[in-house]
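Remarks on the structure that follows.
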Amino acid sequence: MGTLVPLKIVLHRRSQVLEIAFDSGESFHLPAEYLRTHSPSAEVQGHGPDQRVLVYGRKYIKIMAVEPVGNYALLLRFDDGHASGIFSWQVLAELGRNHERNWQAYLAALEQAGLSREPGARRKPKPAGNPP
């Protein structure tokens, strides 16, 4: 696939969904929480697969600003102060194409870690084993 070119980029503020349409004919609606929890920043992704950070408690996160980065990406500024993820057109397209699979994997990871999407949530206590 060649270089993607966005034809439409709209932040729907009320629903906190970023809409992006590409010249490939693909169009995606990406919720702020999904973008924040899947940010391409080193802060979230780490410097290798084993360093990825599981971001939680961002159910009501807001995108405060969408800024162009050259002609290849967007910088999204979130209301929790996160602003280090540069979302290239390719990253946004991959997040769109894999949205459902990524989201289900994220929810499963939260469950396994005993974490929640809710802000201020603490780790859920692990069920106690059967006493001897």
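Applying the criterion of at least 1 residues that are among the charged types (D, E, K, R) and more than 15 Å from residue 30 (Cβ to Cβ) to the strands (runs of 3 or more DSSP E) found wholly in the range 45-115 leaves 63-69, 73-78.
Within the range 9-23, none of the residues are in a loop (DSSP other than H, G, I, E, B) and in contact with an Asp or Glu (Cβ under 6 Å, 6 or more places away or on another chain).
Condition test on residue 9, is it surrounded by 16 or more Cβ atoms within 10 Å (Cβ to Cβ) and at negative phi? Judged against the criteria, residue 9 is not a match.
Results for (1) modelled with pLDDT of 95 or more; (2) touching a strand residue (DSSP E or B) at 6+ places or on another chain (Cβ under 6 Å); (3) under 30 Å from residue 112 (Cβ atoms), shown as yes or no for each residue.
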site	(1), (2), (3)
4	no, yes, no
19	yes, yes, no
30	yes, yes, yes
43	no, no, yes
48	no, no, yes
52	no, no, yes
62	yes, no, yes
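For the criterion of being in contact with a Lys or Arg (Cβ under 9 Å, 6 or more places away or on another chain) and at pLDDT below 95, residue 83 passes.
Tallying residues that are farther than 18 Å from residue 75 by Cβ and basic (Lys, Arg) within the range 9-38 yields 1.
Residues in the range 67-102 that are among the aromatic types (Phe, Trp, Tyr) and free of Cβ contacts under 8 Å to residues at least 24 places away in the same chain: 72 only.
The values are calculated or read from the model by the stated rules, or taken from the named source; none is laboratory data. Since we're looking at a predicted model, the values are computed, not measured. Note that we place each Cβ from the backbone using ideal geometry, even for glycine, and neighbour counts take in every protein chain shown.
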